[in-house]
1. Could you state, as a whole-number percent, how many of the C-alpha pairs of the range 210-293 are farther apart than 17 Å?
2. Taking the Cα centre of the chain as origin, work out the dipole magnitude from +1 charges on Lys and Arg Cβ and -1 charges on Asp and Glu Cβ, in debye rounded to 20.
3. Tell me the mean residue ellipticity at 222 nm calculated for the chain from its helices only (DSSP H runs of n ≥ 4, each -39500 (n - 2.57), averaged over every residue, nearest 500).
4. What are the principal axis extents of the Cα atoms in the range 122-211, in Å, biggest first?
5. Packing-wise, with mean Cβ within 10 Å as the measure, how do 77-89, 141-153 rank, highest first?
6. Which order do 171, 75, 248, 265 fall in if you start with the one that has the fewest other Cβ atoms within 10 Å?
7. Quick one: which of 182-189, 287-294 comes out on top by average Cβ neighbours within 10 Å, and what's the full order, highest first?
8. Just want to confirm a number: the relative contact order over the chain, from Cα pairs under 8 angstrom separated by 6+ residues, in percent.
Amino acid sequence: MQDINLHLITTDPVSLPACAEKRITLSVLRLDKIHPYVSGNKFFKLHHYLQEAKLQRKKTIVTYGGAWSNHILATAAACRLHQFHSIGIIRGERSSSPSATLQKAAELGMELIFLSRDEFNNQKRNPRYDNEGCYYISEGGFGIPGAEGAASITDHCTKQDYTHFCCAAGTGTMTAGLIKSTLSHQQVTSISVLKNNTQLETDIQQLTGHIADKLSVIHAYHFGGYAKYKAELIDFMNSFYRQTGIPTDFVYTGKLFFGLLDLITSNYFPSGSNMLVIHSGGLQGNASLKKGTLIF
Ligand SMILES: *Cc1c(COP(=O)(O)O)cnc(C)c1O
């Protein structure tokens, strides 16, 4: 497996007419560059879990996810690197044509166990493979160690330069990490990719331990729900790539940039804002789209 290389992270300024018009600068922290399919933020979120598993002398990491889960694949890769056995518990029946994500996870040595939706949800609460040697990581890496790992994302930029840190949210773990690591006057804007996830603010609070004044969660850009999309999103991703050379994924970062540019256009961010957007990776998931949908 190709190594994960944190030296490849860059901060790319993007110049778009919408930003220039509102006198806003926008830079992108390119966590997507660290590996072709180990999703940027997942690598950071897994760090403390794997350290803890090592300290507890566990041999096996067990975690949960869907057929196209970035978290499943990142866990498989991280376990391979750290010499853990890994078990992925997958939502839904085994398919005769497994997703590219699951094929790669299996190639990396992950053992895959398929459960029906009901069984899966049950399992998440009462792990059945509960034995001495196993260390459990919850779906999406949600948890305080995950947030602490995500907090170190800002070590890879000149933190004091920005007024706003922006990211996509699934479980909210990365958002919680940014709340922890940014300075008190800096704002964190989080774009939720799930439909009506009214739990999200509470979940984030649970990880940070307090209500953060600096946090704004935006629920308006889910495009129908998790992993749902519309032609408008795909068109945006293609045109964003043409204008900036930055590829995005349709589950997280496409919705993130779409939402941020829409918010910029509607004067949501004050003129003079200096925004850092976290490109959290996830590009491998685009393989689930029909060939030719995206130009990159
Ligand atoms: C998992 C993921 C997120 C969401 O992170 P959370 O910590 O669950 O909110 C964002 N972007 C990408 C590319 C991801 O894979």
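1. 51 percent
2. Values: 28 positive and 23 negative charges, 67 e Å.
Here the chain has a charge dipole of around 320 debye.
3. Working: 10 runs with 103 residues, N = 296.
-10500 deg cm²/dmol, from helical runs alone.
4. 47, 31, 21 Å, listed from the longest principal axis down.
5. Values: 77-89: 19.8, 141-153: 22.9.
Going by the mean number of other Cβ atoms within 10 Å, highest first, we get 141-153, 77-89.
6. Values: 171 24, 75 32, 248 28, 265 13.
Fewest-to-most Cβ neighbours within 10 Å comes out as 265, 171, 248, 75.
7. On the way: 182-189: 16.5, 287-294: 11.8.
The densest-packed peptide leads the list: 182-189, 287-294.
8. On the way: 585 pairs, mean separation 69.3, N = 296.
Once normalised by length, the contact order is 23 percent.
Read-outs: derived from the displayed coordinates by stated rules, not from any lab. For clarity, every value in this text was computed on a predicted model and none was experimentally measured. Glycine also receives a Cβ, built like all others from the backbone with ideal geometry; neighbour counts cover every protein chain displayed.
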